[in-house]
Amino acid sequence: MMPVRSRRDRLTPTRREAVGRLPWMLVLPAVAGLVFLVLPLAGLLIRAPWPTLLERLAEPHVLEALRLSLVCATIATAVCLLLGVPLAWLLARVEFPGRRVVRALVTVPLVLPPVVGGVALLLVLGRRGLVGQWLESSFGITLPFTTLGVIVAEAFVAMPFLVISVEGALRGADQRFEEAAATLGASRWTVFRRVTLPMVMPGVVAGAVLCWARALGEFGATITFAGNFPGTTRTMPLAVYLALETEPEAAIVLSLVLLVVSVIILASLRDRWVSAP
């Protein structure tokens, strides 16, 4: 029995040489692009004050900004899960007029400049905003320039990451299991809770992690809508911006923390977003 040769083995030497030859017209720009992306990160690592790193990380204003960032990003992610998972299910499973328009509106914060998002939040949720004045007069709730305002701003810019991830997982899930559960008499809520949600849980987790990372690094909408008040609204990105003008080494330390978080996020999602087949 003749051995089966692969397509590469069947190529003539000339054709094999042509296939294996590196296309330098593509390699050179690719290397330049890699250097362009990696060099600033390398500069951050090189200029970091390593001998005093732990000491600077223990400074009260650094710990305060870190604590506020972690708390706000976590709560914002919880809000996005509470609202975004049902929204993703609606977009993936329900046919209704204008669904494409709704999907486009959901993704607008991805391309909207964060500062513009902050202005939009002020116009709607500010003290004289369309909804904000009603919240203040009826319930005494004021969102701008408060910690709650930070959470709202972070949730606004981060929720599309969760919705897109969960919707993609829902569209890729096998609906026959849901149909079988419905045939056996399960309600829509039971089907969603016991069948649909476990199937798309990897997509939910990936979306939540990306959502949390985006919320942690939010700057423009936060400073526009919530301001920059120590202990109340000054998150790590805002602290980096402020420290860059007065204490560059502190800005580098805070930037390193955000860089480490980003690397951890990419490492945790490498099988879904980074690894090639």
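The values are calculated or read from the model by the stated rules, or taken from the named source; none is laboratory data. Note that the structure is predicted; figures quoted are calculated from it, not measured. Note that we place each Cβ from the backbone using ideal geometry, even for glycine, and neighbour counts take in every protein chain shown. With ligands, DNA and RNA removed, areas are computed over all heavy atoms of the protein, side chains included. Shrake-Rupley method; radii C 1.70, N 1.55, O 1.52, S 1.80 Å.
Over all pairs of different C-alpha atoms in region 19-139, the reciprocal of the mean inverse distance, the Kirkwood hydrodynamic radius, equals 20.3 Å. Scanning the chain for long hydrophobic helices, with DSSP H runs required to stretch 20 angstrom or more by C-alpha along their axis and to average at least 1.6 on the Kyte-Doolittle scale, returns 24-46, 248-268. If only the Cβ of Lys and Arg carry +1 and only the Cβ of Asp and Glu carry -1, the dipole of region 196-277 around its Cα centre is close to 320 debye. Given points 7 Å out from each Cα along the Cα-Cβ axis, report the residue 194 to residue 61 separation in nanometres with one decimal. My value for the distance between the label points is 5.6 nm. Across all Cα atoms of the chain, the radius of gyration (one decimal) and Dmax (whole number) stand at 24.2, 86 Å.
Summarising the label geometry, the points placed 7 Å from Cα in the beta-carbon direction at residue 134 and residue 241 lie 3.0 nm from one another. Centre-to-centre separation between the Cα atoms of region 79-114 and those of region 139-171: 12 Å. Each Cα pair of region 20-68 feeds into the Kirkwood radius, which the Stokes-Einstein equation turns, at 10 °C and 1.306 mPa s, into a diffusion coefficient of 113 µm²/s. With a cut-off of 12 Å between beta carbons, the residues surrounding residue 106 carry a summed charge of +2, where Lys and Arg count +1 and Asp and Glu -1.
Across region 129-234, Cα-Cα pairs more than 16 Å apart make up 68 percent of the total.
Roll a 1.4 angstrom probe over the protein heavy atoms and tell me the percent of accessible area of the chain that is carbon or sulfur. Exposed carbon and sulfur together represent 70 percent of the surface. Seen from residue 136, the other residues with C-beta closer than 13 Å to its C-beta sum to a net charge of +2, counting Lys and Arg as +1 and Asp and Glu as -1. With each label modelled as a point 7 angstrom along the Cα→C-beta vector, the residue 177-residue 28 pair spans 5.2 nm. Shape class of region 173-267 from the alpha-carbon gyration tensor: prolate, with a/c at 1.5 or above and a/b greater than b/c.
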